[in-house]
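Report on the structure given below.
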Amino acid sequence: MSRQSCDVLIIGGGMVGLSIAHQLLEQDVTRSIFVIDKEPKLGLHSSGRNSGVLHAGLYYKPGSTKAKVCVSGAKRLRDWVSKQGLPINPCGKVIVPQRPDLDVQLDLLAERGKANGAEVEFLDSQQLYELIPEAKSSSDRALWSPNTAVVKPGTIISQLQFELSKRGVQFFLGNKGWKVQPEQEQLQLNDGSLLTYGHLFNCAGLQADRIAHQFGIGQEYKLLPFKGIYWQLKQSCPIQPRANLYPVPDLSVPFLGVHFTPSAEPNPLVSIGPTATPAWGRENYSGLQALEPGMAIANLSLLTHQYLSNRGSFRRYVHQQAFLGLPPLLLRAAQQLIPSLQSNHLEPSQKVGIRSQLFNHKTQHLEDDFICLPGPSSTHVLNAISPAFTASFALADLILERSGFLESDIS
Ligand SMILES: Cc1cc2nc3c(=O)[nH]c(=O)nc-3n(C[C@H](O)[C@H](O)[C@H](O)COP(=O)(O)OP(=O)(O)OC[C@H]3O[C@@H](n4cnc5c(N)ncnc54)[C@H](O)[C@@H]3O)c2cc1C
């Protein structure tokens, strides 16, 4: 039986796992890095299925992990994308209040943005008109984030994998049935071969809680998958916003609301979404694919309980966002930002993603920040929801710092 050893074994070759490998090389910590993924190709889950927005850091509570890593992570990823010659649309983002009572939230977002080191400006209705003539603000004010940009997530994942392979990182793809023995610091692959490691990073996104449980870690957390579907503006639609257009979010709910995003193509395609509807499986992207009936029933009962007890403003989420997968409701949400939008301007998009949102059974709340848990010779990254893609390089530094691995003796 073959046996190979590495200093660092990373489970999951999404943006978080690849960024950890990248930062280990950048910081010259070690070159002995293995990445295993259950899929034959990278980017098949959240990192290849997101909106591609490099967030500027306006939403997050100052002091939270998201706030700490979003601004610097976005800047670093943007620089890397430019250096690699990958597509980027530096189009900025405007946030408009969809109801007059939400205007006050713009001040809060501006304060949070400034505290987090992001650039923000207020726009009046004339300035908003010059940017997106069809957009409506219910209060004649809007918030402008000049540093928000849009990238093509799939191309970033492919390029990062290519760069890491060139620098000696070994990939073991298509490994679904591996088994780990935490006490022996070893993992057995599908073909029976053994990988021994100094430290293991669990970056398995939608499956990360299940893997953490195998290490006896994070038993209070369970993933509650929320599906995000998108529509898009037809190329023939006379309205084509040239910047991201977002509603004021309900900050008590971890989803930003349906928004308009121009893509990073030379002739941008504008997507509308994503929705946030409970999913019937962690990887149930369409139809009956990867349906998990047991999980779906358990989650439905949990969500009903959350609704009845209204923990974490759950009723507001249900009323505002749970049914936006229905086209007339999605159109109505989009018309709050662009009233002249018509149903014949829209067509369904192929894009669909599922968020790795965690529910905490102890507190009975949806978690809102990234979670990084220590385990035996291992670190477990849970709840890597938005903006983990944006923040990935800075988040990877923070994960490495918290893992204690940098201080350990590397053989
Ligand atoms: C609809 C949607 C829109 C979003 N929009 C944005 C945005 O605009 N900007 C932003 O910054 N963020 C956005 N996000 C969030 C962002 O996509 C995620 O935070 C980020 O991609 C998380 O990366 P990850 O590496 O943790 O997970 P993933 O990309 O899911 O990677 C996990 C990897 O682990 C592998 N894996 C799973 N289980 C196993 C196993 N048992 N063994 C081996 N491998 C395994 C998977 O195959 C996968 O390749 C969005 C997310 C969604 C769903």
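Here are some notes:
- Surface composition of region 40-147: carbon and sulfur atoms hold 52% of the protein heavy-atom accessible area at a 1.4 Å probe.
- Region 154-171 - phi-based ³J(HN,Hα) in whole Hz, Karplus 6.51/-1.76/1.60, Gly and Pro as x: x, 6, 5, 4, 5, 5, 5, 4, 4, 4, 5, 4, 4, 8, x, 6, 9, 9
- Principal-axis tilt of helix 388-403 within the chain, Cα atoms, nearest 10 degrees: 40
- The Cα center of region 90-137 and the Cα center of region 261-310 differ in position by 27 Å.
- Sorting 118-125, 36-43 by average packing, meaning the other beta carbons within 10 Å per residue, from highest down gives 36-43, 118-125.
- Cα-derived Rg to Rh of the chain, Kirkwood definition: 0.97
- Here the spin labels are modelled as points 7 Å beyond Cα on the Cα-Cβ line, and at Leu302 and Glu265 they lie 3.7 nm apart.
- For the chain, the longest principal axis of the Cα atoms and the long axis of helix 103-115 meet at an angle of about 40 degrees.
- In the context of the full set of protein chains, residues of the chain present 41 Å² of accessible surface per residue (probe radius 1.4 Å, heavy atoms only).
- Pairs of Cα atoms nearer than 8 Å and 6+ residues apart set the relative contact order; for region 233-323 it is 21 percent.
- With the highest mean first, a sort of the peptides 384-390, 133-139, 295-301 on other beta-carbon atoms found within 10 angstrom per residue produces 384-390, 133-139, 295-301.
- Amide N of region 30-65 lying under 17 Å from the label point, which is placed 7 angstrom from the Cα of Asp191 along Cα→Cβ: 34-41
- Note on the chain: helix-only mean residue ellipticity at 222 nm, from DSSP H runs of 4+ residues weighted -39500 (n - 2.57) and normalised by residue number, equals -9500 deg cm²/dmol.
- Between helix 293-309 and the chain: long-axis angle, C-alpha atoms, 0 to 90°, nearest 10: 50
- Shape category assigned to region 1-71 from the gyration tensor of Cα positions, a/c cut at 1.5: oblate
- Potential extension, Gln335-Ser125 segment - 0.36 nm per residue separation minus Cα distance: 73.9 nm
- Full extension of the chain between Thr363 and Gln350 yields a length gain of 1.1 nm, computed as 0.36 nm times the residue separation minus the alpha carbon distance.
- Gyration tensor analysis over the Cα atoms of region 56-166 returns equivalent ellipsoid semi-axes of 31, 18, 10 Å (largest first, whole Å).
- Once C-alpha pairs closer than 8 Å and six or more residues apart are averaged by separation and normalised to the residue number of region 302-411, the relative contact order reads 14 percent.
- Carbon and sulfur %, accessible surface of region 152-274 computed with the full protein complex present, 1.4 Å: 50
- Percent RCO, i.e. relative contact order, over region 221-278, from Cα pairs under 8 Å lying at least 6 residues apart: 44
- Built amide H within the under 5 Å cut-off of Leu358, gap 5+: Leu224, Glu367
- Considering only Asn116, Asn344, Asn244, the Gaussian network model of the chain with Cα springs below 10 Å gives its largest mean-square fluctuation to Asn344.
- For the peptides 172-184, 18-30, 229-241, residues were scored by their other Cβ atoms within 10 Å and the scores averaged per peptide; the highest-first order is 18-30, 229-241, 172-184.
The values are calculated or read from the model by the stated rules, or taken from the named source; none is laboratory data. All figures in this text were calculated on a predicted structure; none of them were measured in a lab. Virtual Cβ from ideal backbone geometry, glycine too; neighbours counted across all protein chains shown. Remember, those area values only see protein heavy atoms, side chains included, never the ligands or the DNA or RNA. Shrake-Rupley method; radii C 1.70, N 1.55, O 1.52, S 1.80 Å.
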